[in-house]
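Colleague: Below you will find the structure I want to go over with you.
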Ligand SMILES: [Cu+2]
């Protein structure tokens, strides 16, 4: 009942929702904005009893040890394999994992010190690893057809989807078997990155089954700021899931083997939402804290769920969420929020001060867009008084790019909209579904461009390789949380968002796409060729 009621009240969108409305009645953009729906997607309901909130301790993903640090390179090994996890207390959930855990192990790196991760695929399907937010040469960026096949499997026998469904072959694909080395130079601003599966047509179910982990990049300048650190720096990977009666994860895949036929069943075409909110793989967890400042490194790793986060004390007080960083690292100066929207794949670096909370008191992190059980995210219990020598400097960084409109050598426009592709319903960029063989954008290394991104429903748009700045939203100034350097921008229904970036780093074939993972699998990607 709880989620059923929520579904109707919050007008969760199937394809017949806002899309049909906008197409059929020709709603103007301003009218569509006024009717902005809070959620794009439909919610699955779990078939097992769910635990009460704030009982399970918050897990912190283990930091992976390098197998070698010689030659100026940190070398890691990760095995992708099936493993059983106890996500819900007393319930066994088979998952696809990096090294047997969900989230996968965290990698910690220093800026400019290269890392090689050797991935071994022991899963029953091909995989692709993408380091989201990484400034990575194309060969290691995890292009969706650069498959890592399980041992002894031929590509044609694996039903890799792009062959069977799209009737196309990608001659540029670089396919490996069993193991593949991904090399990340990490010559970039320090920030929280995340690695996840990016296989053609099957990214959404692969992430849902557990193929996601964190990768932190640090440097001396950031370390010297005096921000909360050590046990007072917490990564928070937020993701929703739903559980079937047998304890396994529910997912409405058309092909449960995830080999041949991509896509999801009808009510979920706009995105798959779960009724259980996980943080670092635990349902509605609780974490004991000192009465001190904490640095929260928040990632929304959900396939389609958006959150508007608030930190609320037992007596109803909303704590400040002091944003210090965005997707691509530190802001110039802190920005204080009471409410922080976070779309799939976005990251926010936030300091929360628990020193004003009574000892024994609780601070709940809630999602204003949720309803019933999905309104809760996690809680902090303030356990003890403690000394705190951390600080939040008024100047956090002074290396943010200051691109101006006049720097741009061209302006491009892309519409992110529902439409038809040959397999049925699709999500299109500029009217076209993804085709690995078609170059959608060609740009020169070093060029500055302005992109105008237009949405029908919510689309969190992600560019590989580069960070960008948000210039405007539907002709108005950016929102407070658009500050800093981004790699994913949340387009709200009916909105036109302008971003500016410089295409530097590496030449080669990259992507831009919607990071609603279901949209991404149903066509909403395009090629970006840097020459
Ligand atoms: Cu989308």
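The values are calculated or read from the model by the stated rules, or taken from the named source; none is laboratory data. None of these values were measured; they are calculated from a predicted model. Neighbour counts are summed over all protein chains in view; Cβ atoms, including those assigned to glycine, are modelled from backbone coordinates with ideal geometry.
Colleague: Going by the structure shown, is residue 77 free of Cβ contacts under 8 Å to residues at least 60 places away in the same chain and surrounded by 13 or more Cβ atoms within 10 Å (Cβ to Cβ)?
Modeller: So residue 77 fits the description; yes.
Colleague: Does segment 133-146 contain any residue that is surrounded by 20 or more Cβ atoms within 10 Å (Cβ to Cβ), free of Cβ contacts under 8 Å to residues at least 40 places away in the same chain and more than 18 Å from the chain's Cα centre (by Cα)?
Modeller: Yes, some residue in segment 133-146 is surrounded by 20 or more Cβ atoms within 10 Å (Cβ to Cβ), free of Cβ contacts under 8 Å to residues at least 40 places away in the same chain and more than 18 Å from the chain's Cα centre (by Cα).
Colleague: Has segment 296-307 got any residue that is in a strand (DSSP E or B), crowded, with 24+ Cβ neighbours inside 10 Å and touching a helix residue (DSSP H, G or I) at 6+ places or on another chain (Cβ under 9 Å)?
Modeller: For segment 296-307, residues in a strand (DSSP E or B), crowded, with 24+ Cβ neighbours inside 10 Å and touching a helix residue (DSSP H, G or I) at 6+ places or on another chain (Cβ under 9 Å): absent.
Colleague: So, of the residues in segment 422-439 that are within 16 Å of the ligand (Cβ to nearest atom) and outside any strand (DSSP E or B), which turns out to be nearest to residue 531 (Cα to Cα)?
Modeller: Just the residues of segment 422-439 that are within 16 Å of the ligand (Cβ to nearest atom), to begin with: 425-434.
Narrowing the set further to residues that are outside any strand (DSSP E or B) leaves 430-431, 433-434.
On the way: 430: 22, 431: 25, 433: 23, 434: 20 Å.
Among residues in segment 422-439 that are within 16 Å of the ligand (Cβ to nearest atom) and outside any strand (DSSP E or B), the one nearest to residue 531 (Cα to Cα) is 434.
Condition check ((1) within 16 Å of the ligand (Cβ to nearest atom); (2) part of a loop (DSSP other than H, G, I, E, B)) across all residues:
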site	(1), (2)
451	yes, no
466	no, yes
470	no, no
490	yes, no
494	yes, yes
509	no, no
512	yes, no
520	yes, no
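Colleague: Residue check: is residue 445 assigned to a strand (DSSP E or B), surrounded by fewer than 21 Cβ atoms within 10 Å (Cβ to Cβ) and over 18 Å from the mean Cα position of the chain (by Cα)?
Modeller: In short, no.
Colleague: Let me spell it out: the conditions are (1) out of contact with any helix residue (DSSP H, G or I) (no Cβ under 9 Å at 6 or more places or on another chain); (2) modelled with pLDDT of 95 or more, and residue 110 meets all of them except one. Which number is the exception?
Modeller: Checking residue 110 against (1) out of contact with any helix residue (DSSP H, G or I) (no Cβ under 9 Å at 6 or more places or on another chain); (2) modelled with pLDDT of 95 or more, the one that fails is (1).
Colleague: Could you pull out the residue among 125, 129, 117 that is within 21 Å of the chain's Cα centre (by Cα), under 29 Å from residue 247 (Cβ atoms) and either at pLDDT 95 or above or surrounded by 20 or more Cβ atoms within 10 Å (Cβ to Cβ) (or both)?
Modeller: 129
Colleague: Give me the pairs: first residue in segment 446-463 and on the phi > 0 side of the Ramachandran plot, second residue assigned to a strand (DSSP E or B) and away from the ligand (no atom under 16 Å from the Cβ), beta-carbon distance under 9 Å, and six or more apart or on different chains, which are they?
Modeller: Final answer for the pair search is 446/502.
Colleague: A further question follows. I'm trying to understand the selection: among the residues of segment 472-488, which are farther than 15 Å from residue 328 by Cα and within 16 Å of the ligand (Cβ to nearest atom)? So that I can check it myself, show each step before the final result.
Modeller: To start, the set of residues in segment 472-488 that are farther than 15 Å from residue 328 by Cα comprises 472-480.
Hits for segment 472-488: nothing passes.
Colleague: Another question about this same structure. If residue 271 satisfies all but one of (1) away from the ligand (no atom under 16 Å from the Cβ); (2) closer than 30 Å to residue 331 by Cβ; (3) crowded, with 19+ Cβ neighbours inside 10 Å, what's the number of the condition it fails?
Modeller: The single condition residue 271 does not satisfy is (1).
Colleague: Okay, next question. Restricting to segment 367-385, and then to whatever is within 16 Å of residue 321 (Cβ to Cβ) and surrounded by 20 or more Cβ atoms within 10 Å (Cβ to Cβ), can you tell me which residue is farthest from the chain's Cα centre (by Cα)?
Modeller: 380
Colleague: Give the residues of segment 308-323 that are part of a loop (DSSP other than H, G, I, E, B) and in contact (Cβ under 8 Å) with a residue 60 or more places away in the chain, sorted by residue number.
Modeller: Of the residues in segment 308-323, the ones part of a loop (DSSP other than H, G, I, E, B) are 314-317, 319-320.
None - no residue of segment 308-323 is part of a loop (DSSP other than H, G, I, E, B) and in contact (Cβ under 8 Å) with a residue 60 or more places away in the chain, so the list stays empty.
Colleague: Suppose the filter is in a loop (DSSP other than H, G, I, E, B) and at pLDDT 95 or above; does residue 357 pass it?
Modeller: Values: in a loop (DSSP other than H, G, I, E, B): yes; at pLDDT 95 or above: yes.
It is true that residue 357 is in a loop (DSSP other than H, G, I, E, B) and at pLDDT 95 or above.
Colleague: Which one of these does residue 419 not meet: (1) surrounded by fewer than 21 Cβ atoms within 10 Å (Cβ to Cβ); (2) within 16 Å of the ligand (Cβ to nearest atom); (3) part of a loop (DSSP other than H, G, I, E, B)?
Modeller: Of (1) surrounded by fewer than 21 Cβ atoms within 10 Å (Cβ to Cβ); (2) within 16 Å of the ligand (Cβ to nearest atom); (3) part of a loop (DSSP other than H, G, I, E, B), only one is false for residue 419: (3).
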